[in-house]
Each structure stands twice: as structure tokens, then as C-alpha cells.
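Presented below is the structure to which this report refers.
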Amino acid sequence: MDKKILSLAAEEKSEGLQHCLQSLKETELSEIITKHAVKGRDCGALLRGIFKGSPCSNDVAVRRRLAIYRNCILLVESGDLQREVASEIVGLLMLEVHQLPGASLIELANLFVDAVKGGGLSNGKSLELFPTVLAALSSKESLAYGKVYQLLLLSAKGSKKNILEGIITVFNDLDQKHLEEQSNAGSLDLEDETIPQDQLRHVEGTIILHIVFAIKLDQDLGRELLKYLKAGQQGDTSKIICSFSAALLLSVSRIHRFQEQVFEFLKTTIVRGYKDLQFYQGSKFLQDLVPQPASVSSMLLETVKNSVYGWDHVTQGLVELGFILMDSFGPKATFGAKFSEPASLHPKSPAQQACQLGSKILLETFKVHEPIRGEILEQVLNRVITKGMAPVGHFIDLLSDIVISAPLVLQNSSSKVTEVFDHLCFLPLSTVQGLLKAVQPLLKISMSMRDALILVLRKSMFSSQIDARKSAVAGFLLLLRNFKVLGSLSSSQCSQAIGASQVQVDVHMRYNSAANEAFCLEILGSLRRCLSQQADVRLMLYEGFYDVLRRNSQLASSIMQTLLSQLRRYYEPEPDLLPPLKLDGCITAQGEHVFLQEPLAHLLCCIHHSLHWYRNSQQQKRIADDEDDEVEDNISWQQDFDDIIESITRRMIKCDLEDFELDKSADFSLASSVGVKNNIYAVLVMGICEMLIEHHFTVANFSKSKFEDILGLFKCYSKLSEILKEKTGKGRQPGSNKMARSLLSINFVSTLLMVLFRDSTQSHEESLSVLRTNIDFMRYAVSVAVQKIQQLEETGVTDGPDGQNSEKMFRSLCEITRVLMWRYTSSTIVENSGKKDKGKNISLLCLEGLLKVFNTIQLHYSTKMPQFLAAVDAQGDNDEEDYREINVTEKAALQIKQFQRSLVNQLCTGEDDFNSKEALLLVSILSTLSKLLAPSSQQFVQMLSWTVKICKETNVEDIQLCKGLMNLLFNLHAQFKSPVSVLRELCQDIHGHLGDIDQDIEVEKPSHFAVVNLKTAAPSVALLVLAQSAKVLEEVDWLITKLKGLLGSEKFIDATQTSNPRLQVEKAIILQLGTLLTACHELVQTSLPAGSCTDTLLKELAKMYTILTSLVKYYLQICSNHAGQISARVEKLVKLSGSHLTPQCYAFITYVQNIHSESLSLAGEKKKKRKEDKATVTTAKILRDAKSIPNLIFAIEQYEKFLIHLSKKSKVNLMQYMKLSTSRDFRINAATLDAALQERESEEENELDNEQTEKESQEPNKKRRRK
């Protein structure tokens, strides 16, 4: 009968086979299957034939299939079958599981449950079928909670991993199907939804509760869960770390025993996920091979979203995880340095991304879970208070997002915020400013909160701590800027001292200017007290008054009168008295310590900007209202300011340095109090000159006399600047001294540059020629622009008004960039070549500024890149252009071409005209702009080809320029394809230029890259090549790790199938290692100089052998799992390593040891001759570097050890390609031995001759007289 079944199964039609099977009883069929299984003959073919003749559309056939499953499970568990036969049977059963209807699957699942309860499963081989049964069950009509609960009880008998794996796989698959259905929601395909989303989420929540309860009863189940998830980290994490498993872990974290383990696992998984993603995105080689790693952040945020469906057992874990991420990966304070919060909104490092993920988790949890809002808010506020000097900007940002998302909800928690106000005087200023800005929306709707804040600020104003007073000033200025009090006051109350609670706040009432002004005047009265305090407090006030004036223009008279009275305290009213300002009053001394008391330059800065803004606003108002009348008192203080500033300017131009007692003979040493005082004087006078320059340029209206006054002020500024550079910059290179921090506003700087370089109006030419002919002033203007751009790049803000206004900073950057681009690329202005250049020329400064601009835009304004490129373009002045349609790659390519032409022109000039600094800046700019090109675009390919051509055809001897070109080449290559072929050619060039370690061998000099020459080959290019090789090895190591994880998750996959995802990755790994191995073959034969080159090469060779060992271990795992065979490529790689690397490594080790020996002997001679410590230091360094040699030898021996194991497992003799290793413990060099013996013999002969001579020359011994 069995032969008949096999013959009928071979036919195309199955009617005969079905009729034959119907004639057999279940017992007869079972006997046939058992007989073939035990004998191990044609069992798989027999089962396939029976399944073919048992279609699931027939109830009898379904029952027959179930009977086969029962019989086969008993056979597998009996232990009577061969291992290969049992595996084949289980594999066939797994393939046919999905054909069974839902009721049969439930019956089959019950079969497993009953078998485990009854102890019927002896070896557990059949349990490999169980996850497949559960997965098939998930796609059917329903899921019964009872079945899952029974499975969890069943886990006490064993097979915990299989049960957990099956449950997680079921719900992961269901979640993926729902995501697909949501993404295809707009399609016209009429498909039934598997399970409604709300129903599925409730089912998942209940299942999680069941599992947590089971883990509480059996903690081994919890340990198995963590073990299973950790094991799956190396492979495809999307199959293991999903929304359901994350929710399960967070619920398990409520069990105290597993809390620390769960959160540590999640932290590690999150950071590893971000690192993998960053590593993956930085390599085109990896992107072409493997799919993008799963997003852990999306999975966790999906868990937050799903927790709305009654997952209360998950919320506490979400809150704890969010705070753990923010605490662990938030910004850390640097010892001895002031921390500045990062201004970039786009986190770069994995730690920053993990911190931002924690913030998102807490914010989303706050939005969707009302009961836990109070706890989140309390913990955020506690961290803001208790962190002390540690940076808390990430918590303040979270608080700001929470307040914006639900201000009315937080009104109920106003008491918690009010409690924080009591601690303001103890917090750092930056924390206070951020905190008050974050809670500012609450102040508009909570009168009690505002009253509490004002009381605290008043107390802080009289604190003995300067930081508390600065916090009070910051708080009051914030109120005046961002909080307008609307209400009503009687006329009698306006003259009284107004308390905070007397002003009724109602944001919906009609604007009442009297009440608003009265309240603000009270705050201004409190702030006036600060004008007699320390310089830092006054400085905050001056910097804040301008913003207050813009928000509350009705306070202009009061503020300007206050500033006028403050200025008069330091103004000399006598018209002929020099200097015009009482600078002695601006400085105070306490013992030997000298301090700045009055930041007079900042006072003038505040006056200038406030006065300029007020006049512009009044002019616009008159134009709008068609009114010509002005208030008399406003005219009065405006005229006073004009007269005072004009008098100060006139007399400052007349002043000599002797009038300030700041001539060249003055002491500027920072070691004495007089020197410190003179330094403060000089910086103060320079700041005053700058503010007068900005003021006069603003009001000049292209007046020639005003511009001449500006040059007079600049003359005073430049003299002081030169003296400071000369006195404080002794011992430094000329031109290396940084200029003092400028007080000019970036808006003025952009206007000044535009006028100086781009204004071609005929009527302005005569007046502008006054400034344009002064090269020092032109250089100064560009230098200040570069300084402002650098400040914006480093901190995200600049000094002066609107310095924190992102939009205005962006516009100023665009204007400055247009001018700098025009000046560098098309200007024909000839700088004063007859005069000795005291610093960088203007073109070089423009180039430096452009580099900083491009870096700043990418760092802080990456979302506005299309607008920036359009604005920089010469034809990009059309504001109506739709920025969304701008192709960033095309626009960037246009800018790149200009700098490419400049670099080519620079490289083509002679040695006398070549400017290495300019060429290096051009390369840096090209590197920055190349990041804007899409790697798949034609422009990117052109950029790469151009870079390769430059490196191949240009002979560069400047070390820094060579490094810049090499880094640009490698960075571009990494985004296009793997650079291993380039590395091999570079290694050949290095070998050719430096020669072979065997001096008798003459190496032909290949000329792949002209940039590699005798001067740049080592250590510059060699170290860069080794660093790039290390990156390639990291990529290979990453792939091997992923392959091992993938191999562990594979089941019953034929390794010979072309669809196997491992094969393509294995091929790529072997090709990478083979090419890199040939590159190392060149380097290990190169006569590299001792030091960093040899040490780094030894380390990279050890890493190469370590990764080769890892690959061998991977193939050992394949052979152990019977998942494949050793391919011919692996044999070739092993053969290549045995012939081209290992022998050369031992020769290179000998070469390095000889170099070290020579260095040691040289150090010993120095020590004997000079008896200095330098020789000892050199000896210690050489001994430390020599530790790389044992590490390399160990790595080689480990590689050979596992090759022996692999040879035994695979039955392939891989060791035939490996030569016998050199013994490192004892070596005899015959030539050296002969020379040493001959030298010893000659020394012995000389000693004998000397002894004979001494005996002959000695007098005979005298005889002693007997007593």
C-alpha cells in the first residue's frame, strides 16, 4: 500500500490518491508512517503524498491530517527515530500547519497543552512546531484568553522559550498587519480587517497581565523572557523588540526583582539601536547589503500610543523609562568649564537621541494619561531644582512642551510650580531664565502664581548673593517683555505703591494703557535699584531694556530718562575736557583686586539701539496716522542724547592714548593690579569707540563728514587693539592674536558689509570712498563678521539686540554670505601690497567666514537650507519663489563649482604664489557643501570624480592640505561605495615611496595618487589609510555580528538556496576582507618610520586577525548547525591570509623590533652622555609601544587555532595554506651570531695581549725581610 501511495502521489491528478487514502483506516495509515519513519526510508515523500491527497476542503481529510500530526508528534517524542528523520518530519509538519482551519489549530494546540501536562513530551523536539501553530492560529478568526493562560501554566513543565516566542510572534505579526492595513487604508481593495484595533489592544493588554501574573508565580519564566530578548538583539530586532514586547517588559518592570534588569536591557537596546542606525546611515556599503535597522524609538512611542487602551500596568514603566533615559543620557557638566546648552534642535549623537526619546515618551504619556500627569510634573520640577550646577536644559524644554500642550490642565497644579519659585534664588541664572520662560503661559492664566513670583523676585532683589539679584532682574525683565497686565485702576491708585494683587488680570478685557503702564512703572522702579549694583547686574539690565522697549513702547520715556541719568553720571559736561567720560568711576577696587563697575560701552549700546528703534517706530506711526506733533518731553531727551553723543564723539576723536594713560609705556601685565586696570580701560574705550561707530554710521545718511568721524574713532580703536595684541601676545605668531569681542550688532555688520562692498549708487561713491580706501577698516569689518558668525556657530545666539531671534539671525547670515561670496569670487580690489600685512588678508577672512557660515547653517538652520541657498545665489532675490520646489542638490552644486575653480587655480599657481591656508579653507568648504548633495545624484558622482582626479594628478607637499583632500575623498567614497580599492592603491603608493623593509628589494614606484609623495606618505597618509581601514573592519565586524544573530534565528532554511539572505552578505564580507588584506600586504612590507605609524599598523593587523577569527567562528557555527558548507571563497581568503599576510607580519615584527632596539640603544647613549630624563621617557614610550607585538602574535595564533577547529568540522583542510608560525620566544639569527662570536674572540685576544703586556711591565715583587 505504501508503494501505491508513493506512485499515485507522483501523478499530476490527485483523485486516485484521495480515493486510495479514503479506503485506509487511521490505524493502518499510522502503521505505514511508523514503519517508514523507523527505517528512515522515503518518510518525507510518503508524508508529502498523504498531505497531497488530504485537501483541507474535505472534513474527512482534515481529520486525517490531525491524526497524522498526533502520530508524528508521538513518533518524534519516542526517541526511536534518527535525528535527520525527526527534523525532516517536523519541517514538513511546519509547512502544512497554515493549511489547517482554526478549529483544528485549536485542537492541535490543546494536544500540546495536554501532552505537557501529562508528561508525554520526553525530549521536546516536537515543541519546535508549537510557535508555528500559534502563529497560524493568530491569522484565524479568534484568540482565546484561556488557551494562552493554559500555555503559561504549561511553561512550568518546560519549553518556556518556545511558548514566549510563539506569543510574542503572534502579536508582532498582528501589529504588522494592522500597520499595513492603515497604510493601505486609501486603496480600493476590499479586504476584511483581521481584528478591530481596539479589540486587539484590549486582548494584548489582557495577555500581558496573564504573563506578568505567571512570572510572579514562576520567576524562571521572567528570566527566560529576558534571555530570549537579549539573544535576539544581535539579529533582526524587529522580530523581537516590538510594541507588544516593549509593553510586556515595562509591565514586568513593576516586579522588583526584574526592575533593574528590564530598564538596563531597554537602555542598552535603545542606544544600540541608535548606534546601529547611525553606523548604517554612514555607509553606502551597508545600505546596499542589509535593510535598515528597526527604529526602537518608533516602537516605544507606538507603545505609548497603544497604552491608551486600558494599559494602566504599562504607564508607570513608561514614566520610569523616560526619566531614566533623560537622566542617563542628558548633557553632562564639564569640570572646570562653563556648560552651554546645545542650540541645535537636531540631536546628533546616540546619547542625545536617547535623551530626546525619553522626553518624547514623557510628553506623550503626559498627554494621554491624566492620572499620572501630577507625578510627571513633580519629577520634572524636582530635577530642575535638585540638579544644582548640572545642565537641566533638557528638563526645562520638556516642561515648556508640557505647559504648551496643556496650560489649563496645569492650572490645577499651580501649587507645585509656586513651590519652585521659592528656590529661584538658589538656582543658576540660566536655569532661572529657562524655567520662567517655560512657565510664562501659566502666568497669564493664574493670578496667584504671578503674585507668588513677584514676591519672590522682590525678595531676591535684596539678596546678598549676586546670582539671586541677577535672577530677580531676569524675572522682572521677562515679565515686562512677555507679560502684559490688562485690567483697570482708578486715578487715585496710580499714585500709590501698587501691589501685585491689586492689578486684576483679565486677558479678555479691553486694553487699559493706564493700568499697564502703572504696573510696569512699579517694576521699573524696582529695576532702577540695580543701577548701583555690580557690573553683571547692570549688564543684564542694559541688555534687557531694548527688548522691553520694543514690547512696551509706552515705557519709552521712563526707560530713556533712566538711561540718560545713568549716562550723565559718567559724562564730562565741559566741552573741551579730554577724555569726555569719567572712566575712573567705571572701575572699582577691593584691595589688590580690580573690577569693572560700570559697563559703559554696553550702556551706550543700549542707548543707541533703543533710540534708533524709538525714532523708527515714531516715524512709522506718523506716516500711518499722518500726525506731525510729538510730545515735548520726548523731544527733550532725544535732543539731550544727540548732544551728549555728538560731544563724546568729537572729543574722542581728539583724544590721544596719553589722555587715557594707555600709551605703549603703560603696564598691561595681568599679574599686577595696574596692568589689570589698564586692560579693563582699554577694552572699555574700544567698546565705546565701536558703539559710537555704529551710531554715527546709522545716522550718517552717507555723509562724508560722518564717515570721516567714523575713521577717527576707528583710529583710536585700532591703536588700542594693536597695543593689546603687542603686550598680551608676546611669544605668539604674528596675526594669531584674536581680536577683542566686538559690541557691534550682527544686523549692523551685515549692513556695513553690504554698503562697503556692494553699494554702487553714484551719489554714495564719494562718501564711501573715505571708508573703502582704508584697508584696515575694511579688514576690521570682515573680521567682526567672522567673529559674529563663529559665536552663532558655537552658541546659536549672538550678542546685541535680536541676538536670540532665530529668524533675524538667519536673514543677517544670508546677507553676510552674499557679500562674502561676492568679495571672494568676483572682487578685483587690490589690497595695499606696499604696506606690511599685519594680519590675514580680506579674501582669506571672507573664505574663513564662508566656512563658518556653511557649518552654522547645517548645524542650526538645516530646515532652512533651500531658503539659504536661494538667498546666496546671485539670482536668488525673488522672495516669491516657492522654496519647497528648490532642489538643494542642484543649488549646492552651483556653489561647489565656484569653490572648485578657486581651488584648481590655487593648486595651479607657482610655489611663491601658493597660499596653503586658502587652499585648506577651500577644501574644508567643499567638504561641508558636499554633505548637501544627494548620494544618488549625478552631481555627487561628479564631485567624487573631481576629487579623485585632484588627488591623482596634484602633487601636494603641504601636510594639512593633503589630509584635507584625503578626508574629503574618504568621506565621499563612504557615501557612494566602499573605499577598499582606493585603500589598496594608496598602500601601493606608500610602499613605493618609502621602500621595502628589506633594503635589498627595490620597489617600483606606482603613481596612482600624486598627492602621496615622500613628504606626505608617512605619517600623514599612512595614518589616514589605517584609520579608514579600521572603519572598514568595523563595518565587517558589524555584519558578522548580524549574520550570527540571523543564523541563530533561522530554522530549516536550505543554505544552498539563492534566496538565502546570508549568502550575499557573506560574499561581500569576504571580498572586503580580501581586498583589505592585499592592502595590508603592501603596508607590512613598507619601511614605515618608527612611532605612530608602526604602532597603529600593528594594532590594525591584530584587529584584522580578530575579525578573521570571528568569521571563522561564524562558519564553525554554520557547520555545527548543519546550515551550510564552506564555500570556495572562504578557502581563497584563508589561502590569501596564509600567503600574503602572516609571513609578512612576522617579518614586519622583526623590522619593528630592530627599530625599537636601535631607538633603545640611542636612548641609552643619550642617557650616558647627557644624563637627562628625556632618554628615560623615550625608553618608556618604546616599551609601551612594543606591547602591540604580543597582541598581534596572540591574534594570529587564535586565528590559526580556530582554523584547525573549522578544518575538522568542515572536513576541509584549511591549514594547508598556513605556514608554520615563527617562534617568538627564542630566535637565533646566524649572521648576527657569527658576528658576535668573532667580536668576542677578538676581544679575548686583546685581553690576553693586554694581560701579557701588563705582566712584562710590572716590577718583581720585593722580598720580605724575616724578623
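The values are calculated or read from the model by the stated rules, or taken from the named source; none is laboratory data. All values reported here derive from a predicted model rather than from experimental measurement. A quick note on method: Cβ atoms are made from the backbone with ideal geometry, for glycine too, and the neighbour counts reach across all protein chains shown. Ligands, DNA and RNA are stripped out before the accessible areas are found, and what is left, the full protein with its side chains, is counted by its heavy atoms. Shrake-Rupley method; radii C 1.70, N 1.55, O 1.52, S 1.80 Å.
Would you be able to say whether some residue in the range 956-964 is closer than 18 Å to Ser843 by Cα and either assigned to a loop (DSSP other than H, G, I, E, B) or in contact with an Asp or Glu (Cβ under 7 Å, 6 or more places away or on another chain) (or both)?
no
Go through the range 1077-1100 and give me each residue that's among the aliphatic types (A, V, I, L, M) and either farther than 20 Å from Asn1191 by Cα or over 29 Å from the mean Cα position of the chain (by Cα) (or both).
Once the filter is applied, which keeps residues that are among the aliphatic types (A, V, I, L, M) and either farther than 20 Å from Asn1191 by Cα or over 29 Å from the mean Cα position of the chain (by Cα) (or both), the range 1077-1100 yields Leu1077, Ala1079, Leu1083, Val1084, Leu1088, Ala1090, Leu1098.
Can you say whether Gly591 is open to solvent by 10 Å² or more (accessible area, probe 1.4 Å) and at positive phi, as far as the supplied structure shows? Spell out how you get there, then give the answer.
Values: open to solvent by 10 Å² or more (accessible area, probe 1.4 Å): yes; at positive phi: yes.
Against the criterion (open to solvent by 10 Å² or more (accessible area, probe 1.4 Å) and at positive phi), Gly591 qualifies.
Find the residue count for the range 207-264, including only residues that are modelled with pLDDT under 85, assigned to a helix (DSSP H, G or I) and within 30 Å of Leu1043 (Cβ to Cβ).
Final tally of qualifying residues: 4.
Which ones in the range 1080-1102 are part of a helix (DSSP H, G or I) and either among the hydroxyl-bearing types (Ser, Thr, Tyr) or free of Cβ contacts under 8 Å to residues at least 40 places away in the same chain (or both)?
Ser1092, Thr1094, Thr1096, listed by residue number.
Looking at the structure I just gave you, is Val797 more than 36 Å from the chain's Cα centre (by Cα) and open to solvent by less than 60 Å² (accessible area, probe 1.4 Å)?
Working: more than 36 Å from the chain's Cα centre (by Cα): no; open to solvent by less than 60 Å² (accessible area, probe 1.4 Å): yes.
Against the criterion (more than 36 Å from the chain's Cα centre (by Cα) and open to solvent by less than 60 Å² (accessible area, probe 1.4 Å)), Val797 does not qualify.
Quick check on my filter: what residues within the range 542-552 are over 14 Å from Leu479 (Cβ atoms) and over 35 Å from the mean Cα position of the chain (by Cα)?
So in the range 542-552, the residues over 14 Å from Leu479 (Cβ atoms) come out as 542-543, 546, 549-550.
Once the filter is applied, which keeps residues that are over 14 Å from Leu479 (Cβ atoms) and over 35 Å from the mean Cα position of the chain (by Cα), the range 542-552 yields Tyr542, Tyr546, Leu549, Arg550.
Listed here are the residues, each with its yes/no results for (1) small (Gly, Ala, Ser); (2) open to solvent by less than 40 Å² (accessible area, probe 1.4 Å).
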| residue | (1), (2) |
| --- | --- |
| Cys908 | no, no |
| Asp912 | no, no |
| Glu918 | no, yes |
| Trp946 | no, no |
| Gln960 | no, no |
| Leu969 | no, yes |
| Phe976 | no, no |
| Ser981 | yes, no |
| Cys987 | no, yes |
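Tally the residues that are modelled with pLDDT of 60 or more and either closer than 14 Å to Glu522 by Cβ or assigned to a helix (DSSP H, G or I) (or both), restricting the search to the range 460-506.
Quick first cut of the range 460-506, residues modelled with pLDDT of 60 or more only: 460-482.
If we keep only those that are either closer than 14 Å to Glu522 by Cβ or assigned to a helix (DSSP H, G or I) (or both) too, we end up with 460-461, 466-482.
Adding up the residues that qualify gives 19.
So how many residues does the range 548-588 have that are open to solvent by 60 Å² or more (accessible area, probe 1.4 Å) and of a type outside the set (S, T, N, Q)?
12
Return the residue satisfying two criteria in turn: it lies in the range 258-277 and is of a type outside the set (A, V, I, L, M, F, W, C) and surrounded by 18 or more Cβ atoms within 10 Å (Cβ to Cβ), and of such residues it is nearest to Glu1034 (Cα to Cα).
Asp276
Every residue in the range 68-87 that is closer than 18 Å to Gly44 by Cβ and open to solvent by less than 20 Å² (accessible area, probe 1.4 Å), please.
Matches in the range 68-87: Ile68, Tyr69, Cys72, Ile73, Leu75, Val76, Val85, Ala86.
So if I check each of Asp198, Asp189, which one is at pLDDT 65 or above, surrounded by fewer than 21 Cβ atoms within 10 Å (Cβ to Cβ) and either in contact with a Cys (Cβ under 8 Å, 6 or more places away or on another chain) or not polar (S, T, N, Q) (or both)? Don't jump to the end; show me each part of the working.
Numbers: Asp189 fails: at pLDDT 65 or above.
Result: Asp198 is the single residue among Asp198, Asp189 that is at pLDDT 65 or above, surrounded by fewer than 21 Cβ atoms within 10 Å (Cβ to Cβ) and either in contact with a Cys (Cβ under 8 Å, 6 or more places away or on another chain) or not polar (S, T, N, Q) (or both).
Does Ala103 count as closer than 19 Å to Ala136 by Cβ, among the small types (Gly, Ala, Ser), within 54 Å of the chain's Cα centre (by Cα) and open to solvent by 70 Å² or more (accessible area, probe 1.4 Å)?
Numbers: closer than 19 Å to Ala136 by Cβ: yes; among the small types (Gly, Ala, Ser): yes; within 54 Å of the chain's Cα centre (by Cα): yes; open to solvent by 70 Å² or more (accessible area, probe 1.4 Å): yes.
So Ala103 fits the description; yes.
I'm told Lys52 meets every condition in (1) under 25 Å from Ile106 (Cβ atoms); (2) over 60 Å from the mean Cα position of the chain (by Cα); (3) charged (D, E, K, R) except one. Can you identify the failing condition by its number?
(2)
Report the residue count in the range 752-782 for those that are out of contact with any Gly (no Cβ under 8 Å at 6 or more places or on another chain), part of a helix (DSSP H, G or I) and touching a residue at least 12 places away in the same chain (Cβ under 8 Å). Even if it seems obvious, please write down each step before you answer.
Filtering the range 752-782 down to residues out of contact with any Gly (no Cβ under 8 Å at 6 or more places or on another chain) leaves 752-778, 780-781.
Remaining after also requiring part of a helix (DSSP H, G or I): 752-758, 762-772, 775-778, 780-781.
Checking the rest, the ones that are also touching a residue at least 12 places away in the same chain (Cβ under 8 Å) come to 752-758, 763-764, 766-768, 770-772, 775-778, 780-781.
The qualifying residues number 21.
Taking into account only those residues within the range 278-310 that are of a type in the set (Ser, Thr, Tyr), open to solvent by 20 Å² or more (accessible area, probe 1.4 Å) and not in a helix (DSSP H, G or I), which is nearest to Thr365 (Cα to Cα)?
Tyr309
Does the range 929-940 contain any residue that is assigned to a helix (DSSP H, G or I), open to solvent by 10 Å² or more (accessible area, probe 1.4 Å) and farther than 23 Å from Cys987 by Cβ?
yes
Go over the candidates Val90, Val113, Val60 one by one and state the one that is surrounded by 15 or more Cβ atoms within 10 Å (Cβ to Cβ) and modelled with pLDDT of 80 or more.
Going through Val90, Val113, Val60 in turn, the sole match is Val90.
Would you point out the residue of the range 293-332, among those that are hydroxyl-bearing (Ser, Thr, Tyr) and touching a helix residue (DSSP H, G or I) at 6+ places or on another chain (Cβ under 6 Å), that is farthest from Pro350 (Cα to Cα)?
Tyr309
Of the residues that sit in the range 409-447 and are aliphatic (A, V, I, L, M), open to solvent by 30 Å² or more (accessible area, probe 1.4 Å) and in a helix (DSSP H, G or I), which one is modelled with the highest pLDDT?
Going through the range 409-447, the residues aliphatic (A, V, I, L, M) turn out to be 409-410, 417, 420, 424, 427, 429, 432, 435-436, 438-439, 442-443, 445, 447.
Next cut, open to solvent by 30 Å² or more (accessible area, probe 1.4 Å) only: 409, 429, 445, 447.
Cutting the leftovers down to in a helix (DSSP H, G or I) gives us 409, 429, 447.
Values: Val409: 79, Leu429: 88, Met447: 79.
The residue in question is Leu429.
Would you pick out the residues in the range 784-808 that are in contact with a helix residue (DSSP H, G or I) (Cβ under 6 Å, 6 or more places away or on another chain) and among the small types (Gly, Ala, Ser)?
The answer is Ala785, Gly796.
Can you tell me which of (1) modelled with pLDDT of 90 or more; (2) open to solvent by 40 Å² or more (accessible area, probe 1.4 Å) is the one Leu457 doesn't meet?
So Leu457 meets the others, but not (2).
Scanning for something open to solvent by less than 10 Å² (accessible area, probe 1.4 Å) and closer than 30 Å to Ala974 by Cβ, does the range 215-230 turn up at least one residue?
No: zero hits.
Within the range 585-592, is there a residue that is at pLDDT below 90, in contact with a strand residue (DSSP E or B) (Cβ under 8 Å, 6 or more places away or on another chain) and in a helix (DSSP H, G or I)?
The answer is yes, given that some residue of the range 585-592 is at pLDDT below 90, in contact with a strand residue (DSSP E or B) (Cβ under 8 Å, 6 or more places away or on another chain) and in a helix (DSSP H, G or I).
Which residues, counting only those in the range 31-45, are under 17 Å from Lys4 (Cβ atoms), assigned to a helix (DSSP H, G or I) and touching a helix residue (DSSP H, G or I) at 6+ places or on another chain (Cβ under 9 Å)?
If the condition is that a residue be under 17 Å from Lys4 (Cβ atoms), assigned to a helix (DSSP H, G or I) and touching a helix residue (DSSP H, G or I) at 6+ places or on another chain (Cβ under 9 Å), then Ile32, Ile33, Lys35, His36, Cys43, Ala45 are the ones that fit.
Just the residues that are touching a His at 6+ places or on another chain (Cβ under 6 Å) and open to solvent by 10 Å² or more (accessible area, probe 1.4 Å), please, taken from the range 1014-1038.
Of everything in the range 1014-1038, just one residue is touching a His at 6+ places or on another chain (Cβ under 6 Å) and open to solvent by 10 Å² or more (accessible area, probe 1.4 Å), namely Leu1014.
Please verify whether the range 1104-1123 includes one or more residues that are modelled with pLDDT under 90, closer than 23 Å to Glu1035 by Cβ and open to solvent by 20 Å² or more (accessible area, probe 1.4 Å).
yes
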